[in-house]
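Please treat every number below as a calculation from the coordinates, not as lab data. Just so it is clear, the structure is predicted and the values come from calculations on it, not from any experiment. No Cβ is skipped: glycine too gets one built from the backbone with ideal geometry, and neighbour counts run over all protein chains shown.
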Amino acid sequence: MNAQAPDIVRAAYAELVVTDLAAARWFYVDVLGLVVTAEEPDALYLRAFEEYLHHSLVLRTGSAPALARLAYRVRSPREVDTAEAYFRALDLPTERVAAGATRGIGEAVRVEDPMGFCVEFFYEATHVERFTQAYHRHGGNAIARIDHFNVMVPDVQAANDHYTGLGFGVSEQIEDAEHLYAAWLYRKSTVHDIALTGGDGPRLHHVAFATNERHQVLHICDVLGSLRAEHHIERGPGRHGVSNAFYLYLRDPDGHRIEIYTSDYYTGDPDNPTIHWDVHDNRRRSYWGHAVVPSWYSEGSTVLGLDGTPQPLTSPTDPGEAAVTIGADGFGERVPDGEGFKLGHQS
Ligand SMILES: O=C1C=CC(S(=O)(=O)O)=CC1(O)O
Ligand SMILES: [Fe+2]
């Protein structure tokens, strides 16, 4: 009999390894405006304004940039036990960690999932002051909360199946008749808590934070411009096809990708339909047809396994999205309405 999947509430925090904590502090606190919950000589614990759990991002000093782990909150302490039983039944490397293994987080279970990511499941966490209406503290770039993780995997279908097995709904997919190129899956009532991007993996593609309004996304761009730090902007601002969100992608001083994201949509009804995008639809990733900078498809962060060592990469066996897409989000030639997609000439 299959073990019961844990009742996962949402994507809750990520721990990133950074090589220069002061530079990371400048980016995440001075530029993005995240709140410092706690600070140690080799670690920062950060949260966004609407968050009352201890943190949604841990930055820890290390010799090379990496994703240490992704963490999901579960619905009760008992669900931590359920998670442990579920992953042990899958015969995956699993360990129980005591409260305080991560400052501000209670007892948790950590697993190396089938894709090679270290993923933690917890319930108990220290509550701290919530600054939802502390408008005197918000900058024009106020970030509300963590929204989702995006990971790079060589087999999107297998990763999709792992997460649906954990009870995630599928909100959107990019596909053709032969292949699933990307997928977005959710537990909370938004478009996703986890997105799967095809490519060499396991790698972290990005961690995304949500703002409540588009002007806060735009203000981050203006702040970076005024600081002559515009090189941290990788892609956007723009409107996604998938998710319908208004987006901006940044690269932090170590190259970790951070998305700032707002205005996706509700997915909370049990019959929420999956949206299927044809891989040839140029609007799928940028609804206005803007080109997607090649680094957005090709670059990601190293991932540490449960033992803390970098995970080796595996390449996809099937052709990737950029290999099969005509136009690849570029300046395609407009085809008469109703005759398929705006197809362009791939450079
Ligand atoms: O959050 C996201 C929503 C949509 C997209 S995409 O570029 O529109 O596919 C990427 C993304 O996964 O970062
Ligand atoms: Fe995203």
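The charge dipole of the chain, taken about its Cα centre with unit charges on the Cβ atoms of Lys, Arg (+1), Asp and Glu (-1) only, comes to about 860 debye.
Think of the chain as having a plus end and a minus end, set by charges on the Cβ of Lys, Arg, Asp and Glu; of PRO237, LEU313, LEU90, PRO237 sits farthest toward the positive end of this dipole.
Of the beta bridges DSSP finds with both residues in the chain, what % are antiparallel, to the nearest 5? Beta bridges within the chain, antiparallel portion: roughly 70 percent.
With the highest mean first, a sort of the peptides 10-17, 165-172 on other beta-carbon atoms found within 10 angstrom per residue produces 10-17, 165-172. About the centre of its Cα atoms, the range 91-224 shows a dipole size close to 760 debye [charges on the beta carbon of Lys, Arg (+1) and Asp, Glu (-1) only; nearest 20 debye].
Backbone geometry of the range 123-140 corresponds, through the Karplus equation with coefficients 6.51, -1.76 and 1.60 at θ = phi - 60°, to 3J(HN,Hα) couplings of 10, 5, 7, 5, 8, 10, 4, 9, 9, 3, 10, 7, 4, 5, 9, 6, x, x Hz, x marking Gly and Pro.
The Cβ shell under 11 Å around ALA23 holds other residues with a net charge of -3, Lys and Arg each +1, Asp and Glu each -1. The HN-Hα couplings worked out from phi for the range 72-80 by the Karplus form 6.51 cos²θ - 1.76 cosθ + 1.60 (θ = phi - 60°) are 10, 8, 10, 7, 7, x, 5, 5, 5 Hz, whole numbers, x standing for Gly and Pro.
Amide H to amide H, with H built 1.01 Å from N, ALA182 comes under 5 Å of ILE174, counting only residues 5 or more places away or on other chains.
Ranked highest first by the average count of other Cβ atoms within 10 Å around their residues, in what order do 183-195, 55-67 fall?
On the way: 183-195: 23.7, 55-67: 20.8.
Sorting 183-195, 55-67 by mean packing, highest first, produces 183-195, 55-67.
In debye, nearest 20, what is the charge dipole magnitude of the range 215-282 about its Cα centre with +1 on Lys and Arg Cβ and -1 on Asp and Glu Cβ, if you could check? List each step's numbers first, then the result.
Values: 5 positive and 11 negative charges, 63 e Å.
Using only the charged Cβ atoms, the result is roughly 300 debye.
Sort 148-158, 19-29 for me by packing, meaning the mean count of neighbouring Cβ atoms within 10 Å per residue, highest on top. All intermediate terms of the calculation are to be shown ahead of the outcome.
Working: 148-158: 22.4, 19-29: 17.5.
Those peptides, ordered most packed to least, come out 148-158, 19-29.
What is the list of residues in the range 131-150 whose amide nitrogen lies under 11 Å from a point 7 angstrom out from the Cα of GLU299, following Cα to Cβ? The answer is none, because no backbone nitrogen lies closer than 11 Å to the label point. If I build a Gaussian network model for the chain, linking alpha-carbon pairs within less than 10 angstrom, which residue out of HIS231, HIS219, HIS162 has the largest mean-square fluctuation? Of HIS231, HIS219, HIS162, the most mobile in the Gaussian network model is HIS231. In this label model, TYR265 and HIS215 are separated by 2.6 nm, measuring between points 7 Å along each Cα→Cβ vector. Spin-label model, ALA98 to TRP26: label points 7 Å out along the Cα-to-beta-carbon direction sit 3.9 nm apart. Kindly list the residues of the range 1-30 that lie in the label zone of ASP81, defined by a backbone N under 18 Å from the point 7 Å along the Cα-to-C-beta vector. So the set is 3-8.
Stretched out fully, how many nm does the piece from ASP307 to SER63 gain, at 0.36 nm a residue minus the Cα gap?
Numbers: separation 244, 0.36 × 244 = 87.84 nm, distance 1.59 nm.
That pair, ASP307 and SER63, stretches by 86.3 nm at full extension.
Considering only beta bridges that DSSP places wholly inside the range 1-142, some 75 percent are antiparallel. Arranged from fewest to most other beta-carbon atoms within 10 Å of their beta carbon, GLU50, GLU39, GLU321 become GLU39, GLU50, GLU321. Modelled spin-label separation between ARG130 and THR274, with each label point placed 7 Å from Cα along the Cα-to-Cβ direction: 3.4 nm. Taking amide H as placed 1.01 Å from N in the peptide plane, THR37 has its amide H under 5 Å from the amide H of TYR45, LEU46, ARG47, each at least 5 places away in sequence or on another chain.
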